[in-house]
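Enquirer: Have a look at this one.
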Amino acid sequence: MHLPKQFAESDITVLHALIRAAPLGAWVTEADGELEVNHIPFLLDAERGKFGVIAGHVAKANPVWKSFSQDMASVVIFQGPQTYITPSWYPSKAAHGKVVPTWNYAVVHAYGQPQAIHDPAWLLHHVSQQVDLREKDQAHPWKVADAPPDYIDKMVGAIVGIEISIARLLGKWKVSQNRSQPDKLGTVAGLLNRNDDNANAMAALVKTHVNV
């Protein structure tokens, strides 16, 4: 990933927060001489290792758990807020016109060597963690125990766990740091005027680089 210094984010707490907020990662690995990409919701354990451990699962019918590279680290890409930025929001457009559109975004790349996990107890615990976390805001949270035990055993038997100890963690926050103060303020106003969750999230990120 091209990472100009002004867009680099190295605070592990910030990087972990994005992983938790946007857990559907794009897992990229070399497999049988080609790049293989799978989209998997990951759980983060920030207490293990230098950068944490992420864990997910794939269907046993998915051959990636047998073919992922044992020699080359995988990368999992987590996508945070992202949006198009029009130069019409910049006061500098009226001042000199030397402006162009761009795209703002926040992403985390987590690198590490995956391992496949078949242990039924690990898988059941992992699935239960996933369910409890994702269901906690529901009016009537569903629990694994709500389904018949033999059915859950069958479902767990049809998946393989994927665990990656993060060896390298990169963050890129391209959030208008390279614009002037008036252009940043114009960008925040334009984004808030859109009044959607993604634009509001990006406006909040741009605000962190506004000099108050």
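Enquirer: Looking only at segment 48-103, which residues are under 25 Å from ALA189 (Cβ atoms) and among the charged types (D, E, K, R)?
Expert: From segment 48-103, those under 25 Å from ALA189 (Cβ atoms) are 79-103; that's our starting set.
Hits for segment 48-103 are LYS93, LYS98.
Enquirer: Continuing with this model, one more query. Does segment 187-201 include one or more residues that are within 25 Å of GLY97 (Cβ to Cβ), among the hydroxyl-bearing types (Ser, Thr, Tyr) and modelled with pLDDT of 95 or more?
Expert: yes
Enquirer: Just for segment 148-164: of the residues that are of a type in the set (A, V, I, L, M, F, W, C) and not in a loop (DSSP other than H, G, I, E, B), which one is farthest from PHE42 (Cα to Cα)?
Expert: Looking only at segment 148-164, we keep the residues that are of a type in the set (A, V, I, L, M, F, W, C), and these are 152, 155-156, 158-160, 162, 164.
If we keep only those that are not in a loop (DSSP other than H, G, I, E, B) too, we end up with 152, 155-156, 159-160, 162, 164.
Working: ILE152: 20, MET155: 18, VAL156: 16, ILE159: 14, VAL160: 13, ILE162: 9, ILE164: 10 Å.
Only one residue fits best here, namely ILE152.
Enquirer: Filter segment 11-47 down to the residues that are over 14 Å from the mean Cα position of the chain (by Cα) and within 16 Å of GLN79 (Cα to Cα) and list them by number.
Expert: Within segment 11-47, VAL37 is the sole residue that qualifies.
Enquirer: Return a yes/no flag: does segment 70-79 have any residue that is crowded, with 16+ Cβ neighbours inside 10 Å, in contact with a helix residue (DSSP H, G or I) (Cβ under 6 Å, 6 or more places away or on another chain), part of a strand (DSSP E or B) and in contact (Cβ under 8 Å) with a residue 12 or more places away in the chain.
Expert: yes
Enquirer: Looking at ALA145, ALA203 in this structure, which one is part of a helix (DSSP H, G or I) and farther than 30 Å from ALA95 by Cα?
Expert: Residue meeting the stated conditions: ALA145.
Enquirer: Given the condition under 30 Å from VAL99 (Cα atoms) and surrounded by 14 or more Cβ atoms within 10 Å (Cβ to Cβ), answer yes or no: does some residue in segment 163-171 qualify? Reasoning before the result, please.
Expert: If we filter segment 163-171 for residues that are under 30 Å from VAL99 (Cα atoms), which is where we start, we get 170-171.
Next, from what is left, pick out any that are surrounded by 14 or more Cβ atoms within 10 Å (Cβ to Cβ): 170-171.
The answer is yes; a qualifying residue exists.
Enquirer: Got at least one residue in segment 169-184 being part of a helix (DSSP H, G or I), in contact (Cβ under 8 Å) with a residue 60 or more places away in the chain and either among the basic types (Lys, Arg) or closer than 30 Å to ASN211 by Cα (or both)? Walk me through how you get there before you give the answer.
Expert: To start, the set of residues in segment 169-184 that are part of a helix (DSSP H, G or I) comprises 181-184.
When the remaining residues are screened for being in contact (Cβ under 8 Å) with a residue 60 or more places away in the chain, the result is 182-183.
Adding the requirement that they be either among the basic types (Lys, Arg) or closer than 30 Å to ASN211 by Cα (or both) leaves 182-183.
Yes: one or more hits.
Enquirer: Give me the residue from segment 1-29 that is β-branched (Val, Ile, Thr) and assigned to a helix (DSSP H, G or I) and, out of that set, surrounded by the most Cβ atoms within 10 Å (Cβ to Cβ).
Expert: From segment 1-29, those β-branched (Val, Ile, Thr) are 12-14, 19, 28-29; that's our starting set.
From what is left, the residues that are assigned to a helix (DSSP H, G or I) are 12-14, 19.
Working: ILE12: 15, THR13: 7, VAL14: 14, ILE19: 23.
So the residue we want is ILE19.
Enquirer: Say we look at segment 104-129 and pick out the residues that are small (Gly, Ala, Ser) and over 21 Å from ALA204 (Cβ atoms); which of these is surrounded by the fewest Cβ atoms within 10 Å (Cβ to Cβ)? I'd like the intermediate steps shown before the answer.
Expert: So the first thing to find is which residues in segment 104-129 are small (Gly, Ala, Ser), and the list is 106, 110, 112, 116, 121, 128.
Cutting the leftovers down to over 21 Å from ALA204 (Cβ atoms) gives us 110, 112, 116, 121, 128.
Working: ALA110: 29, GLY112: 21, ALA116: 14, ALA121: 8, SER128: 15.
Among those that are small (Gly, Ala, Ser) and over 21 Å from ALA204 (Cβ atoms), it is ALA121.
Enquirer: In contact with a strand residue (DSSP E or B) (Cβ under 7 Å, 6 or more places away or on another chain), on the phi < 0 side of the Ramachandran plot and not in a strand (DSSP E or B): does that describe PHE51?
Expert: It is true that PHE51 is in contact with a strand residue (DSSP E or B) (Cβ under 7 Å, 6 or more places away or on another chain), on the phi < 0 side of the Ramachandran plot and not in a strand (DSSP E or B).
Enquirer: Would you mind telling me which numbered condition in (1) touching a residue at least 24 places away in the same chain (Cβ under 8 Å); (2) surrounded by fewer than 20 Cβ atoms within 10 Å (Cβ to Cβ); (3) under 30 Å from PHE68 (Cβ atoms); (4) not β-branched (Val, Ile, Thr) GLY190 fails?
Expert: Looking at each condition in turn, GLY190 falls short on (3).
Enquirer: Scan segment 82-103 and tell me whether some residue there is among the hydrophobic types (A, V, I, L, M, F, W, C), in contact with a helix residue (DSSP H, G or I) (Cβ under 7 Å, 6 or more places away or on another chain), under 20 Å from PRO4 (Cβ atoms) and surrounded by 15 or more Cβ atoms within 10 Å (Cβ to Cβ). Don't jump to the end; show me each part of the working.
Expert: Of segment 82-103, the ones among the hydrophobic types (A, V, I, L, M, F, W, C) are 85, 89, 94-95, 99-100, 103.
Going one step further and asking which of them are in contact with a helix residue (DSSP H, G or I) (Cβ under 7 Å, 6 or more places away or on another chain), we end up with 85, 89, 99-100.
Subset that is under 20 Å from PRO4 (Cβ atoms): 85, 99-100.
If we keep only those that are surrounded by 15 or more Cβ atoms within 10 Å (Cβ to Cβ) too, we end up with 85, 99.
Yes; the residues of segment 82-103 include at least one that is among the hydrophobic types (A, V, I, L, M, F, W, C), in contact with a helix residue (DSSP H, G or I) (Cβ under 7 Å, 6 or more places away or on another chain), under 20 Å from PRO4 (Cβ atoms) and surrounded by 15 or more Cβ atoms within 10 Å (Cβ to Cβ).
The values are calculated or read from the model by the stated rules, or taken from the named source; none is laboratory data. Small disclaimer: the values here were computed from a predicted structure and weren't measured. Cβ: placed from backbone, ideal geometry, glycine included. Neighbour counts: every protein chain shown.
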